Amino acid sequence: MRWSGRRRQETATDAVLALALLGFGLLATTLAGDNQPGSRPVDATCRALVAVAALALVGRRLVPVTTLGVATVATSTYLVLGYPYGPILVAFLIAVYTVAVRLAVRPAAVATGCAFVGLSVHIFWSRGPAPGWEGVLPASAWVVVPFALGVAVRSTRETTTRSRAEQARRQVDEERLRIAQEVHDVVGHGLAAINMQAEIALHLLPKRPEQAETALTAISRTSREALDELRVTLGAVRQGAERGPVPGLARLPALRDRLAGAGLAVELRVLGARRELPAAVDLAAYRVVQEALTNVLRHAGVASAEVTVDHRADELVVEVADRGSGTVGDGTAGHGLAGMRERVAALGGELTTGPRPGGGFRVSARLPMGPTA
């Protein structure tokens, strides 16, 4: 049987503890005998019982019940023979504590109860002074105290383990949701553009087939770009996969050109002094613009949209507006606006959506540039 490194380390630690307790027990038992005149003098049998109780602790984590059994028999025999109260009780205490820590409460309580019965024999029958009923309470303390401490330690460890497991599950769920949102944005935008370009190609094919080639070329380019971006996104879930650079506002011109091929003209305006953005803010701003333009392409029924990127002192504001029917949104039935709102809220920002006064629909996101981002 091959032991793991941790198991070997635990056993080595217990061996050191047992040897230390053995040395202390052999020395202190003699001193205890000098201070307890009515006890039986320390002899070879006494030392042998002290050694058995101490050395049994070597296997306390491997076989805790067996260790407690050996320690109980050695300790009870020691006390029945009338030897002085001494360090042998420390070995018994450690054995009780180990059972309470390593076992569930019910089997630990059964094992500890049996140990208490064994330890109590000397109270009523001993070659030395027998304390009688007055000795029940002190004897129970050597069992109840380490048992209660062990149960408390076990409960604390279990609570900590559960908390760590729950935190790990939450992190996994959050990562899955993030990846799902990324995939939704990439695939949703790509399919919307491809669908629009396909409709254009089908419309032109019977009458002007030479112009349909342009739309088909755009479909090929859009699908290739969407697949490349999807491959980068999915690479994040593969262990050891290299992650490509995340999309950001620097890709807006390419997004504008791609949508132009799908029949949506996008006017892009950048206000304020440009500066390097935190990666999370840059990605969220790009995804908001991408999803909002995808909604325009799908639902607004217009051929143009306006995108404004405003670099302010303490925040970044991105806005997408169109002059369509104003029914995009209300978008609440799908995942688009909900996903945008979650992205922005995660960075401490604010997303506002709704019809424009003069007609159309507007999506605006305010992303802080401070510590929250």
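The values are calculated or read from the model by the stated rules, or taken from the named source; none is laboratory data. Since this is a predicted model, take the numbers as computed values, not measurements. Heads up, the Cβs are rebuilt from the backbone with ideal geometry, glycines too, and the neighbour counts pull from every protein chain shown.
Scanning region 72-87 for residues that are closer than 13 Å to TRP142 by Cα and either touching a Lys or Arg at 6+ places or on another chain (Cβ under 9 Å) or outside any loop (DSSP other than H, G, I, E, B) (or both) yields THR72, THR75, SER76.
Report, by residue number, each residue of region 349-359 that is part of a loop (DSSP other than H, G, I, E, B) and either modelled with pLDDT under 90 or among the polar types (S, T, N, Q) (or both).
Residues of region 349-359 that are part of a loop (DSSP other than H, G, I, E, B), as a first pass: 349, 356-359.
Within region 349-359, ARG356, PRO357, GLY358, GLY359 qualify.
Quick one: would you say ALA130 is modelled with pLDDT under 85 and in a helix (DSSP H, G or I)?
Working: modelled with pLDDT under 85: yes; in a helix (DSSP H, G or I): no.
Taking the combined requirement at face value, the residue does not satisfy it.
Under the condition of being in contact with a Leu (Cβ under 7 Å, 6 or more places away or on another chain) and either of a type in the set (Asp, Glu) or part of a helix (DSSP H, G or I) (or both), the residues counted in region 101-127 number 3.
Hey, can you tell me all the residues within region 263-308 that are surrounded by fewer than 21 Cβ atoms within 10 Å (Cβ to Cβ), in a loop (DSSP other than H, G, I, E, B) and either among the small types (Gly, Ala, Ser) or more than 39 Å from the chain's Cα centre (by Cα) (or both)? Residues satisfying the conditions are GLY263, GLY272, ALA273, GLY301, VAL302, ALA303.
Please go through region 5-35 and pick out each residue that is of a type in the set (Asp, Glu) and more than 43 Å from the chain's Cα centre (by Cα).
Pass one, region 5-35, residues of a type in the set (Asp, Glu): 10, 14, 34.
Scanning region 5-35 gives a single hit, ASP34.
Could you tell me which residue of region 309-323 is farthest from the chain's Cα centre (by Cα), considering only residues that are outside any loop (DSSP other than H, G, I, E, B) and charged (D, E, K, R)? In this case the residue turns out to be ASP322.
Might you let me know whether region 52-66 holds any residue that is more than 43 Å from the chain's Cα centre (by Cα), in a helix (DSSP H, G or I) and either touching a residue at least 40 places away in the same chain (Cβ under 8 Å) or more than 15 Å from TYR85 (Cα to Cα) (or both)? Within region 52-66 (the criterion being more than 43 Å from the chain's Cα centre (by Cα), in a helix (DSSP H, G or I) and either touching a residue at least 40 places away in the same chain (Cβ under 8 Å) or more than 15 Å from TYR85 (Cα to Cα) (or both)), the answer is yes, since at least one residue qualifies. Across region 16-28, not a single residue is classified as without any contact (Cβ under 8 Å) to a residue 24 or more places away in the chain and either of a type in the set (Ser, Thr, Tyr) or touching a strand residue (DSSP E or B) at 6+ places or on another chain (Cβ under 8 Å) (or both). Residues in region 145-160 that are among the basic types (Lys, Arg) and within 18 Å of the chain's Cα centre (by Cα): 1 in all. Every condition in (1) part of a helix (DSSP H, G or I); (2) modelled with pLDDT under 90; (3) more than 40 Å from the chain's Cα centre (by Cα) holds for GLY38 except the one numbered (1).
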